[in-house]
C-alpha cells in the first residue's frame, strides 16, 4: 500500500461515495477491505467494507477523488484503484458534488502468493519472523505485503499484484528477532537480492531462506557513583540501529546488526547523553566487518547531566505550545525540551559546554529562530559541568503574518496550493502554507525581511488539472516579482493569488493559449510558430504574442527581460525547505 501524509480537513462538505467490493471472478462480496477516497492533493477519507462488501464514505469536500480498495495482508487480493488500476494515476477520478456517487462495484482480482520457510544461521526454523514481499516490476512496486512465520518457520504471503497473463517479480525482506533485517539471498541491500516470479491466483514456492547472523555488541555503563541501570542504549552498524536497556548492573547486550563500523550511545534522565566512550557527540567507532563478530567491553562513561534552564519573557497567558532545541557547537547533536504554560523550560541530558538555542514559537505568534545577539549572530550559551546554567531569559521576536486566498482564473478556490515565502537569506528559514478547501491560507512566523512569495500546485497525475506558478503580486516570471516585508507582529492581509488554469501542464495559461491561437490540450511550450527564436513559453513569460514577430526583433521591450530567461524559469522544481544544521 502506498503512504499518504496529508489528511483532509474541510469547512464545506459536499459529496458521498458508496458501493461494494467483490471478488473479480466469483462476484462474491469481500469484507474487511479498507476503501479510500483520495483527492488530488493526497488527502483522504476511508471506510471498511461490511460482511456484504459494502462501504460508504460521506461528507467529502467537492473535489476529484480516486477510489482505492486496500485489503489487509490476510485477504488474498491486491490493492486496486477503481475500476482496474494498480497505481493512483491509473484510477478514474470522480468529481463529487451535491449528487452522490453510488453503487460503485470494485472488483478485486485474485492475488499472487509467495511461500517458503525461514531458517536461522544454524538451520533451525524461525518463528514469528515478518517476511515482506517487495515489488520489482511497475505493476508490483507499490506492494509491501507480508506475513509472519509459524512455529516451523513457514510463511505464505497473500494478495500480491500480478497481471493475469504476465508474472510479477518480488524480493523478500525478513525481520526476525535477534537477527539483522536483511533480504533473502543472504544480502543486506535490495538491489543485491534475488527475485521470484509471482503469478495471479498461484503460489510460488521460494524454498528455504537462511538468515545471516550479523554481529553482537555488549558492554557496561558507568556513572559518577557506579553502574547506570535503566538507560536506553543505542547501537548502530551497517545502516541499522538496535536499542536495548541496561541491566541492574549497568550491562547491556545488542545483537542482530549488520557488520560495519559500530557507534554506541546511551541516554538516561539525570545523566549526560553520551557517545562511546565518554563524548558528547559521535566520534569514535569500532570496526566489526565480519559476520558473527562479537564486540565486548564497549563501555561508556556517563557524567551527571548539565541543564540549560530559562524562561520566555513576553506577555502571553500560555506558552505550552512552544519548544526549544539545544545544539552543540558542531551542530551534530540536538537535545529538545518543552516550554510550560508559564514560559519556563529546562533541557537536561547535556554535557557542560557551549550551545546554540533554537526556539519553536511560531504557534505562539513569534519567530521560529535561533536565539540571537543584537547583530544577528547566533548567541552562544554556556552550560557548566554537572550543574544548571544561569537562568536564560529569552525575549522572543514577534513574527509577521501573510494571509489571503488562492483562486483560479475562473474565480474558484484552489485547494492544496503551496504558498511559499523565500527570504533569500540562507540563515533564515523559508516558510510555507497550504490553502484549504476555501482557498484560504495563512503564513506565520515571518521575520522582518523582504520575502519573495509564490503560489503553485503540484499535479500528481498527467490527467489532473494544473495551474501556472505565480509570484506576488501576480507575475508568471519571478524576475518581475515584488517582495513583501511584514513588520514584527504585523499581519498583512489580502495577499491573494490568482493561478491561471494550465491543464496541459506546459507552464502557460490555457485561456492565454486559446486567445493567441495555441493548443491548450497539449504541451506546445517549446514550439516557435513565428520563428523569432523565442518559444511559446518564453513569449508567455515575456507577455508577447507567439504568433507574430516583433517589428524590430525585440521581445518585451528590448532588454527589459534578458533573451532566453523564460526558457529556464519553468523548469525549476519544487522549492525545498532550508534545513537548519
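No lab work stands behind these numbers, since they all come straight from the coordinates. Model, not experiment: these values are computed from the prediction. Counting neighbours? That spans all protein chains shown, and the Cβs are built from the backbone with ideal geometry, glycine included.
The fraction of Cα-Cα pairs per 5 angstrom bin, counted from 0 for the stretch 389-518, comes to 2, 11, 18, 21, 17, 11, 8, 5, 3, 2, 1, 1, 0, 0, 0 percent, rounded to whole percents. The alpha-carbon positions of the stretch 126-240 define a convex hull whose volume is 130 Å³ per residue.
Along its principal axes, the stretch 15-108 has C-alpha extents of 33, 24, 19 angstrom, given from the largest down.
The relative contact order of the chain comes to 7 percent, based on Cα pairs under 8 Å that sit 6 or more residues apart. Computed from the Cβ-Cβ distance with R0 of 25 Å, the FRET efficiency linking residue 487 to residue 409 stands at 0.20.
Spin-label pair residue 163-residue 128: with each label point 7 Å from Cα along the Cα-Cβ axis, the two points sit 4.2 nm from one another. A simple spin-label model places pseudo-atoms 7 Å from Cα toward Cβ; at residue 449 and residue 521 they are separated by 4.7 nm. Does a label point 7 Å from the Cα of residue 18, set along Cα-to-beta-carbon, have any residues of the stretch 102-118 with amide nitrogen under 17 Å, and which are they? It comes to 102-106, nothing else. For the stretch 345-427, the orientation-averaged shadow of the C-alpha convex hull comes to 8.3 nm² (one quarter of the hull surface).
Relative contact order, whole percent, for the stretch 306-394 stands at 38, derived from Cα pairs under 8 Å and 6 or more residues apart. For the stretch 130-247, averaging the sequence separation of C-alpha pairs within contact (under 8 Å, six or more residues apart) and dividing by the residue count gives a relative contact order of 18 percent.
Checking the a/c ratio against 1.5 first, then a/b against b/c, what shape does the Cα gyration tensor give for the stretch 56-117? Display every interim value, and only then the final one.
Working: a/c = 2.96, a/b = 2.48, b/c = 1.20.
Prolate, since a/c reaches 1.5 and a/b exceeds b/c.
Pairwise alpha-carbon distances in the stretch 284-417 exceed 22 Å for 53% of all pairs. Computed extension gain for residue 102 through residue 318, at 0.36 nm per residue and net of the alpha carbon distance, reaches 73.0 nm.
Compute the Rg to Rh ratio over the stretch 288-333 from the alpha carbon atoms, using the Kirkwood formula for Rh, and round to two decimal places. Kindly include the intermediate steps, with their values, before the conclusion.
Details: Rg = 20.3 Å, Rh = 16.2 Å.
Rounded to two decimals, Rg/Rh equals 1.25.
Stokes-Einstein diffusion coefficient for the chain at 20 °C in a medium of 1.002 mPa s, Rh from the Kirkwood formula over Cα pairs: what value in µm²/s?
Details: Rh = 28.6 Å.
Diffusion coefficient, whole number: 75 µm²/s.
With each label modelled as a point 7 angstrom along the Cα→C-beta vector, the residue 296-residue 261 pair spans 2.6 nm.
If the chain between residue 479 and residue 341 were fully stretched, how many nm would it gain, using 0.36 nm times the residue separation less the Cα-Cα distance? Before the final figure, lay out the partial values.
Details: separation 138, 0.36 × 138 = 49.68 nm, distance 4.50 nm.
Result: 45.2 nm gained on full extension.
Using r as the Cβ-Cβ distance of residue 186 and residue 73, and R0 as 30 Å, what FRET efficiency do you calculate, to the nearest 0.05? Write down the numbers at each step before the final one.
Working: r = 25 Å, r/R0 = 0.83.
According to the calculation, E is roughly 0.75.
Taking 0.36 nm per residue of separation and subtracting the current Cα-Cα distance, fully stretching the chain between residue 202 and residue 440 would add 80.6 nm.
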